[in-house]
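Below you'll find the structure, written out as structure tokens, and then a few comments.
The values are calculated or read from the model by the stated rules, or taken from the named source; none is laboratory data. Please read these numbers as outputs of a predicted model, since none were measured by experiment. Counting neighbours? That spans all protein chains shown, and the Cβs are built from the backbone with ideal geometry, glycine included.
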Amino acid sequence: MPPITRRRFIRRAPLALSATALAAGCSPGTDSAAAEQPAATTGPGGPVIISTWRHGLAANEAAWANLQAGGSALDAAEAGVRVTEADPEVSTVGIGGRPDRDGIVTLDAAIMDGAGDCGSVLALQEILHPISVARRVMENTPHVMLAGEGAQQFAIAEGFPLTDLLTDAARVDWETWKRDNPGYRPPINVENHDTIGLLTLDRNGNIAAACTTSGAAFKYHGRVGDSPIVGAGLYADNNVGAATATGWGEAVVRACGSFLVVELMRQGHSPTDACRLAVERVIEKNPDWREIQVGFIALDKQGNTGGYCIHPNFDYAVYTESEGNRMVVPGSKVPSDE
């Protein structure tokens, strides 16, 4: 059973009071809190982990090790993306992420479990692991989102140390950008995907999602993309599955992309078809779709995975017991030879 977060405690309080008042009429051994939670259904494909981009391989390894050690889907999702947040060689997530146009590294992250609990942080500065702060928001506050200075104050109060996130390499990139001013929007290539999203299905049939990013390189200070927005950058539902997005966040937000993928799976579409239909919705909502990249990955409750993107050069990593940790190249709306 998932841990009892503050939000769950608040929701369950009236039930607990009612149970106390009706104790004389309750059957022996009845647990009202347990009765509120539906029994988890174990999908035949679990455990499964899927994450965006080649840096997802290392994230998958950490998430898999967490599951094998008895961790929950939520534990594994957090553990996986923390690896990417701490890797200075990844220029789009965590430490080493490219700064905004003022030279400041700001981080966004969100985490969600299949029961519907979620937490996120936006425009967070000087904190190495925004995904862990997002989980504390979920578990230790009555809120879903904290932003900017308030998010940093909360992180410090929770014991997270301040860290200089701007590496020498990222500073050089920023200074070069300022000098050359090549244009605001980054090109649609593998170097500007800006996100790691990771989805997990554990042996008990529980699903979770995590997404973390430093956002678009040289963005306006204060800009927030899709990654920390529940329903856009990620979504999870134990009854259906989970999805996460990568690419140009503004386009994903306009389509409520990850929620859309999960709802399409709820209607009976496979993970791949759901991602393809969501990409088509993104194209419909964004007339400049040829100038941007958006990709989705998805995981259903049976352990099936899939993905789709606008342009080629997007890939994702999948870890299963039968096939191990491997890269997958999804279909794309634009053929690779166009």
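Picking from Gly231, Gly215, which residue would you name as being at pLDDT 95 or above and on the phi > 0 side of the Ramachandran plot? If you could, list the steps in order and put the result at the bottom.
Numbers: Gly215 fails: at pLDDT 95 or above.
Sole residue among the options that is at pLDDT 95 or above and on the phi > 0 side of the Ramachandran plot: Gly231.
Count, please, the residues in the stretch 291-338 that happen to be surrounded by fewer than 15 Cβ atoms within 10 Å (Cβ to Cβ) and of a type in the set (Ser, Thr, Tyr).
Residues in the stretch 291-338 being surrounded by fewer than 15 Cβ atoms within 10 Å (Cβ to Cβ) and of a type in the set (Ser, Thr, Tyr): 2 in total.
Just the residues that are part of a loop (DSSP other than H, G, I, E, B), touching a Gly at 6+ places or on another chain (Cβ under 7 Å) and either more than 17 Å from Gly116 (Cβ to Cβ) or among the aromatic types (Phe, Trp, Tyr) (or both), please, taken from the stretch 225-255.
Residues satisfying the conditions are Gly225, Asp226, Ser227.
Can you tell me which of Ala245, Ala255, Ala208 is at pLDDT 95 or above and in contact with a Phe, Trp or Tyr (Cβ under 6 Å, 6 or more places away or on another chain)? Give the steps one after another, and end with the answer.
Values: Ala255 fails: in contact with a Phe, Trp or Tyr (Cβ under 6 Å, 6 or more places away or on another chain); Ala208 fails: in contact with a Phe, Trp or Tyr (Cβ under 6 Å, 6 or more places away or on another chain).
So the residue among Ala245, Ala255, Ala208 that is at pLDDT 95 or above and in contact with a Phe, Trp or Tyr (Cβ under 6 Å, 6 or more places away or on another chain) is Ala245.
Give Pro287, Pro335 a once-over and let me know the one that is over 19 Å from the mean Cα position of the chain (by Cα), within 20 Å of Glu250 (Cα to Cα) and either part of a loop (DSSP other than H, G, I, E, B) or of a type in the set (Gly, Ala, Ser) (or both). Step through it out loud before you land on a result.
Values: Pro335 fails: within 20 Å of Glu250 (Cα to Cα).
Only one candidate passes the filter, namely Pro287.
Would you point out which residue out of Glu85, Glu89, Glu61 is within 30 Å of Tyr220 (Cβ to Cβ), acidic (Asp, Glu), surrounded by fewer than 19 Cβ atoms within 10 Å (Cβ to Cβ) and at pLDDT 90 or above? First the steps, then the outcome.
On the way: Glu85 fails: surrounded by fewer than 19 Cβ atoms within 10 Å (Cβ to Cβ); Glu61 fails: within 30 Å of Tyr220 (Cβ to Cβ).
Answer to the selection: Glu89.
Among the listed residues Gly205, Gly231, Gly215, which satisfies the condition of being touching a helix residue (DSSP H, G or I) at 6+ places or on another chain (Cβ under 6 Å) and not aliphatic (A, V, I, L, M)? Reasoning before the result, please.
Numbers: Gly205 fails: touching a helix residue (DSSP H, G or I) at 6+ places or on another chain (Cβ under 6 Å); Gly215 fails: touching a helix residue (DSSP H, G or I) at 6+ places or on another chain (Cβ under 6 Å).
Residue meeting the stated conditions: Gly231.
Say we look at the stretch 194-213 and pick out the residues that are over 13 Å from the mean Cα position of the chain (by Cα) and not in a strand (DSSP E or B); which of these is surrounded by the most Cβ atoms within 10 Å (Cβ to Cβ)? Even if it seems obvious, please write down each step before you answer.
The first filter runs over the stretch 194-213 and keeps only residues over 13 Å from the mean Cα position of the chain (by Cα), leaving 201-206.
Checking which are not in a strand (DSSP E or B) leaves us with 202-206.
On the way: Asp202: 26, Arg203: 15, Asn204: 17, Gly205: 21, Asn206: 24.
Per the criteria, the residue is Asp202.
In this structure, is Pro335 more than 30 Å from Leu67 (Cβ to Cβ) and either of a type in the set (Lys, Arg) or without any contact (Cβ under 8 Å) to a residue 24 or more places away in the chain (or both)? Explain how you work it out, then say what you get.
Working: more than 30 Å from Leu67 (Cβ to Cβ): yes; either of a type in the set (Lys, Arg) or without any contact (Cβ under 8 Å) to a residue 24 or more places away in the chain (or both): yes.
Considered against the rule, which asks whether it is more than 30 Å from Leu67 (Cβ to Cβ) and either of a type in the set (Lys, Arg) or without any contact (Cβ under 8 Å) to a residue 24 or more places away in the chain (or both), Pro335 comes out as yes.
Of all residues in the stretch 258-292, which are of a type outside the set (Lys, Arg) and touching a Phe, Trp or Tyr at 6+ places or on another chain (Cβ under 6 Å)? If you could, list the steps in order and put the result at the bottom.
In the first step, residues of the stretch 258-292 are kept if they are of a type outside the set (Lys, Arg); the result is 258-265, 267-275, 277-280, 282-284, 286-289, 291-292.
Residues satisfying the conditions are Ser258, Phe259, Val261, Val262, Cys275, Ala278, Val279, Ile283, Ile292.
For the stretch 111-139: of the residues being of a type in the set (Gly, Ala, Ser) and assigned to a strand (DSSP E or B), which is farthest from Ser214 (Cα to Cα)? Step through it out loud before you land on a result.
To start, the set of residues in the stretch 111-139 that are of a type in the set (Gly, Ala, Ser) comprises 114-116, 119-120, 123, 132, 134.
So of that shortlist, the ones also assigned to a strand (DSSP E or B) come out as 119-120, 123.
Numbers: Gly119: 17, Ser120: 14, Ala123: 9 Å.
The selected residue is Gly119.
Looking only at the stretch 74-110, how many residues end up being acidic (Asp, Glu), in a loop (DSSP other than H, G, I, E, B) and closer than 17 Å to His55 by Cβ?
Initial filter on the stretch 74-110 (acidic (Asp, Glu)): 75, 78, 85, 87, 89, 100, 102, 108.
Next, only the ones that are in a loop (DSSP other than H, G, I, E, B) stay: 87, 89, 100, 102.
Next, only the ones that are closer than 17 Å to His55 by Cβ stay: 87, 89.
Residues in the stretch 74-110 being acidic (Asp, Glu), in a loop (DSSP other than H, G, I, E, B) and closer than 17 Å to His55 by Cβ: 2 in total.
So for the stretch 295-307 (the condition being out of contact with any helix residue (DSSP H, G or I) (no Cβ under 6 Å at 6 or more places or on another chain), acidic (Asp, Glu) and under 18 Å from Thr52 (Cβ atoms)), does at least one residue qualify? Outline the logic, then answer.
Here is the first cut: in the stretch 295-307, the residues out of contact with any helix residue (DSSP H, G or I) (no Cβ under 6 Å at 6 or more places or on another chain) are 295, 297, 299, 301-303.
Checking the rest, the ones that are also acidic (Asp, Glu) come to none.
So far as the stretch 295-307 goes, no, none of its residues is out of contact with any helix residue (DSSP H, G or I) (no Cβ under 6 Å at 6 or more places or on another chain), acidic (Asp, Glu) and under 18 Å from Thr52 (Cβ atoms).
Of the numbered conditions (1) within 17 Å of Leu198 (Cβ to Cβ); (2) outside any helix (DSSP H, G or I); (3) among the polar types (S, T, N, Q), Ser258 satisfies every one except a single condition; which is it?
Going through the list (1) within 17 Å of Leu198 (Cβ to Cβ); (2) outside any helix (DSSP H, G or I); (3) among the polar types (S, T, N, Q), Ser258 breaks only (2).
State all residues of the stretch 290-316 that are assigned to a loop (DSSP other than H, G, I, E, B) and of a type in the set (A, V, I, L, M); if no residue qualifies, say none.
Taking the stretch 290-316 as the starting set, the residues that turn out to be assigned to a loop (DSSP other than H, G, I, E, B) are 292-293, 301-304, 310-315.
Ile292, Ile310 - these are the residues of the stretch 290-316 that are assigned to a loop (DSSP other than H, G, I, E, B) and of a type in the set (A, V, I, L, M).
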